[in-house]
Every structure is written in C-alpha cells, then in structure tokens.
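Below is one structure, written out as structure tokens; the observations come after it.
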Amino acid sequence: MVDLFLGRSLVCNNRDRVEYDTEREVILRLQNRILLLFFGSVESQRCQEFVPTLKDFFKRLTDEFYVERSAQLVLMYISLDQSEEQLENLLKELPKKCLFLTHNDPYRRELESMFEVEDVPRVVVLRPDCSVLSPNAVSEISSLGTNCFHNWQESAELIDRNFMLNEEFDDKKMRSVTDPIRRLKYKVKKKKRRRWGWGGGGAGEDEGEKEEEDEEEEEEERGEKEG
C-alpha cells in the first residue's frame, strides 16, 4: 500500500492542512494499516447521503472518545469533484484525520482508472501489501458498521502494534533481575559525588567514577553467587 503513494503528497484534513510528502512520513502514516480509498463527489446525492455513515464508522474506530487505542485504519478521500471548491465542500463533512489528494494532483484520475471506478460512492479496501480486500465496501459499512473492520483485520493479517512493542522490550537483555534497580541506585550516587566534588573539599569526579565501578563489580559478583 505504501508503494502506491511514495513520491506523492498526502494532505491531512485538519485545520493546518499538514502535508506528508517525504518517504518517511508516508511510510509512518500508511505502513501496517488497512487503507480505505473513498472515491466520491459532492455532486453525487448518494455520496452526500453516505458521508455521515462513513464518518461515524471511521470515528468509532479511531477516535479516543470511543476506543482506548485507535484502529490500524486510514481513510483517504480520492476526489472526483470538478473543482477545488467542490472538493473543499465535501472535506468539511469528512473526519479531520482523513487524508486526501489535492484537486490539482493528476494521480486522482490514475487511481480512478486503476480501481475501475465507474460510479460513486465507492470505498476500496486495501491490505498493507496493496492487495484488494474489498472492491467496494459501501454496503458493508452501511449494514455491518464497525464489525466489518474486524473481518478485514483478520483477513489482512495485521501485526498488532502492542506485540511489536513487547518484542522491542524483550530484546533489551538485563544482566540480572535487580539490574534496573542497581542502575538507578548508582546513577543517583554518581550525581551526588559530582555535586560534592564541585563544591570543594569532597571527592572529585574521577575518584567518584572509580568508586562506582568498584561497587558495580562487587554487586555483580554478589549477584552471580546468589544465582
């Protein structure tokens, strides 16, 4: 999915209209997420009727008011409007977290052709690898609500972000069970020694560091014997 938008400028539908146009920014926004490509036009009555349903669907999955953790979901509006004014009118009705392509970006029409969009509204659901989960999820969203996202999530085989964080934590090997406490203990002692050394009459920084190293070695030897 990320490959589809590398080299493109994605704009966030917030007040500041933040742009994501570097490779790193695009990857951070889209990687390991399900993407909803919403093809629409303000001229379509059916689109105007569907937008409130889509907005509610997206907010219930991503807004902290409804969920503890935002779903791995991105909504992107692909405008088929005839003018920038029409684009802006529809954006007012969409969520602030929604992304979109600007009216003067020709890639809008390329995507329209790529996914063979013939009528609107149309919601193309993509897996993180760019494969199509649903060619048009309008009726599914309207009838099932947020339940359909859980079906997509299983099919897309998303990597849970909490699992990724746990793996990163496990990689940080500790020498012993008391290692974090011991590190904090000597960190505090080190600060005290340095303060006394600067005040005059106390142990200097070099001497304090040497004592700290000796105490650390003793603590490690004690831990090995206890183990």
Report summary line: Filtering the stretch 9-23 for residues that are open to solvent by 40 Å² or more (accessible area, probe 1.4 Å) and outside any strand (DSSP E or B) leaves a count of 8
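Suppose the filter is over 21 Å from residue 159 (Cα atoms) and surrounded by fewer than 17 Cβ atoms within 10 Å (Cβ to Cβ); does residue 31 pass it? Reasoning before the result, please.
Values: over 21 Å from residue 159 (Cα atoms): no; surrounded by fewer than 17 Cβ atoms within 10 Å (Cβ to Cβ): yes.
No; evaluated as a whole, the condition is false for this residue.
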Report task. Go through the stretch 44-68 residue by residue and tally those that are modelled with pLDDT under 95 and either more than 17 Å from the chain's Cα centre (by Cα) or of a type in the set (A, V, I, L, M) (or both). Result -> 3
Query raised in the report: Is it the case that residue 74 is open to solvent by less than 50 Å² (accessible area, probe 1.4 Å), among the hydrophobic types (A, V, I, L, M, F, W, C), touching a helix residue (DSSP H, G or I) at 6+ places or on another chain (Cβ under 9 Å) and without any contact (Cβ under 8 Å) to a residue 12 or more places away in the chain?
Result: no
Query - Answer residue from the stretch 97-117, given it is without any contact (Cβ under 8 Å) to a residue 12 or more places away in the chain and assigned to a helix (DSSP H, G or I) and is nearest to residue 84 (Cα to Cα) among those - result: 109
Query raised in the report: Right, residue 128: touching a Gly at 6+ places or on another chain (Cβ under 6 Å) and farther than 18 Å from residue 84 by Cα or not?
Result: no
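The values are calculated or read from the model by the stated rules, or taken from the named source; none is laboratory data. What you are looking at is a predicted structure, and each value in this text was computed from that prediction instead of being measured. Positions of Cβ are backbone-derived with ideal geometry, glycine not excepted, and every protein chain shown enters the neighbour counts. Keep in mind that these areas ignore ligands, DNA and RNA; they rest on the heavy atoms of the full protein, side chains included. Shrake-Rupley method; radii C 1.70, N 1.55, O 1.52, S 1.80 Å.
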